[in-house]
Every structure is written in C-alpha cells, then in structure tokens.
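Notes to accompany the following structure.
The values are calculated or read from the model by the stated rules, or taken from the named source; none is laboratory data. These figures come from a predicted structure and were not determined experimentally. Here Cβ is always computed from backbone atoms with ideal geometry, including for glycine, and neighbour counts include all displayed protein chains.
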Amino acid sequence: MTFRSVDDGLILPSKQRMLAPLQPKMNPFRSITSSTRASVCYRRDMMAQSEKQLTARLLSGLAEFRSAHAPGMLTHAHNLFSYCSLDKERLTAIRLPHPVLGIVVSGTKEVWLGDDSAEFNEGALFVLPGHISMDVLNVPSERRGFYRSLIVQVEPDALSGLKTRHTQVPRPQFPSPPLSSISLTPQLVNAIVHAASDIAHSPLGPTIRSSRLTELLALLAEDPAAAPLFDRSVSDRLAQLLSEDLSHSWTATEAAERLGLSESTLRRRLSGGNSSFRSLLRKARMTAARRLLETGYSSQDAAYAVGYVSRTHFARHFKAAFGVNPSDLGRLPQGGLPRQTQEPVQQL
C-alpha cells in the first residue's frame, strides 16, 4: 500500500494527531484561585463594613460623653474619667498609676511606647499599660474642634476572681507590649455602653458599677491587645493579696512568702516603684473601707472590717487618704470622693 506524503494531503492518523494545532491547556486551579480571591475580598469588605457599623453604634451609645467640656480631666465616677483638649498637645514620658481602657470619642490619639507606636482614631478602643513611660499626642477633630477620650482606670482589685492566661504570666522587668486597637464585637459594644452608663449614673451604688466592670473585663480577658489590663506588677499582686483579708495582721515577711519572694526582694521591688509595704497596706485598707462606707457600713464597722481596732486612727488615716472624715462620706454627692483625692490618670 502506498501512502502519499503530507504535501499530497494524506496523513496517517497518528501523524494527524501529532500535527494537529495545539489547544491551550486550562489551568484547573485558575477558576478556584479567582473564586477564592473574590471570596476573601468579599469577606474583607463585609468585615470592614461590620467594623464601621459597630464603631458607629459604640459612638452613638456614648453620645452623652462626646460633647466638649472644659479642657482637662472630668471625673464621672470612681475610676471613670473624660479628658478634653481644644488644642493639639504632646505629652512626654508619662507613667500611669494603673492600666487604662480608653475610647477616643472625638479626634485622634497617637501613642509611642519604646519602639512601638499606634494611632487611635475616633471610635477606637485601646489599652495603655501602667507603670511604663510613654509619649502621647492628642489631636482635636477637625469637624468637632476638640479631642476627647473616655477612660476607665483598672485597679488591681477589679481583677479579683478573674482567672485568665494573662494573670498567670509574671510581668517582665522591661515590658513593651504591642499597641493596637481592640476589635469590636456586638457583645463588647453593649458591655461598654452599659458599663459607662451604669458606672457614671447607676443609683444602685458600687455593687452594680463593679459588676459592669467585671463583665467588661471578662469579655476582654482573652484579647491579646487587652493584655496590659491584666499584667500585674509586684505592687499590684501585693495589693490583691492584702485585699483578700484586710483584717489580718499582715507582715512584709508573710506577704513576701505568699508571693514567692524573699522579704528583701519584695521591699526592693516596691522601693523601685516608689512604694512600700506599709503604704500599700494602708491604701488597700482605705480603699476597701471607702467602698464599705458607700454600701451603708458604719464608720466603726468599716474600721473593724479592714483591720483597725482604733476608730481614731482609722478616721485620721481615712481623712489623710481622701480629704474627708469617714462619717461625712454619705453626705457627698453621687460620684463619691472629691476629684482631687483620686489618683490622676494624666492627660489621656
């Protein structure tokens, strides 16, 4: 059998397959990759939209705290403050006595902590650590004309009963926690709005205010950005230990042993923070006594509950701490003690 050449127009079937035009190959992953990319972009857009909605909802719920007031600090209740500035201001090397949870309700805040820095815009929820030097810049809103933030100061006794992974880790000697905004959730927004309102205005007293703060801290307990709230120094750990039984006749030796330290190490670390065992014990007793008096305890009962035998000594120490006699506390306006007697949180 004779076969003609390719030029004659007859080709063997095998050669026909070999010489057939090449068809472009389809990438089986291309459509999947495009679909995945579109899905990621869609989820990102939805998350951004949800974040904006939650921020708007948070600011709306805090409307009563968003108007301008006289420049400086305004105390709403114990450990709840607002700070207002009409001009851009930079603060250097500030140290907070305790960590704070803050919300920028007008303007912008910039913070520098060591090599770390962050910018918090209107509606941002942020945490700043205690006992660490940092620089802060407060920038008024161009539209509103002022800067304002709402601040909750978190003292050690607010962490009583909260068991989190943060409270189990010892505080490093030179910590530099990362600065970032806390991600909002519907539950967190509700807790913030209710806590701010109840702490500032609740007619039911410190019990309700304390429960609102505990609820808020529980929601934040596992968020890495909130870790400084639960990061306790030796003085904070000592204050919490002492507050567990203030009627006990504490000694520095016993307290150091309970904290797993030698007495000399305890005193040295307290001294490094410009504190002492005696001053912390007195402060813990006075803070607890104030809360007992606010809930209806008599001066005598409050004194005994926090370890004082002499009412005279108790009254003298109480007035030195808060500027009023314990018997006069019930006649103060709601919001508690005079503003100047609370530890300042500086210009936040």
Of all the residues that make up region 211-233, how many are in contact (Cβ under 8 Å) with a residue 40 or more places away in the chain and either surrounded by 17 or more Cβ atoms within 10 Å (Cβ to Cβ) or among the β-branched types (Val, Ile, Thr) (or both)?
16
Verdict on residue 86 being among the hydrophobic types (A, V, I, L, M, F, W, C) and surrounded by 15 or more Cβ atoms within 10 Å (Cβ to Cβ):
no
Residue 282 meets each of (1) under 30 Å from residue 149 (Cα atoms); (2) assigned to a helix (DSSP H, G or I); (3) over 24 Å from the mean Cα position of the chain (by Cα) with one exception, condition (1)
Determine which single condition residue 242 fails, assuming it passes every other condition in (1) crowded, with 21+ Cβ neighbours inside 10 Å; (2) under 22 Å from the mean Cα position of the chain (by Cα); (3) closer than 25 Å to residue 309 by Cβ.
(2)
Any chance region 289-301 includes a residue that's modelled with pLDDT of 90 or more and acidic (Asp, Glu)?
yes
Every pair of residues 6+ apart whose Cβ atoms lie under 6 Å, when the first sits in region 301-322 and is over 11 Å from residue 282 (Cβ atoms) while the second is of a type in the set (Gly, Ala, Ser) and in a helix (DSSP H, G or I)
302/289; 311/303
Quick test for you: out of 294, 222, 244, 254, pick the one residue that is out of contact with any helix residue (DSSP H, G or I) (no Cβ under 6 Å at 6 or more places or on another chain) and closer than 23 Å to residue 322 by Cβ.
244
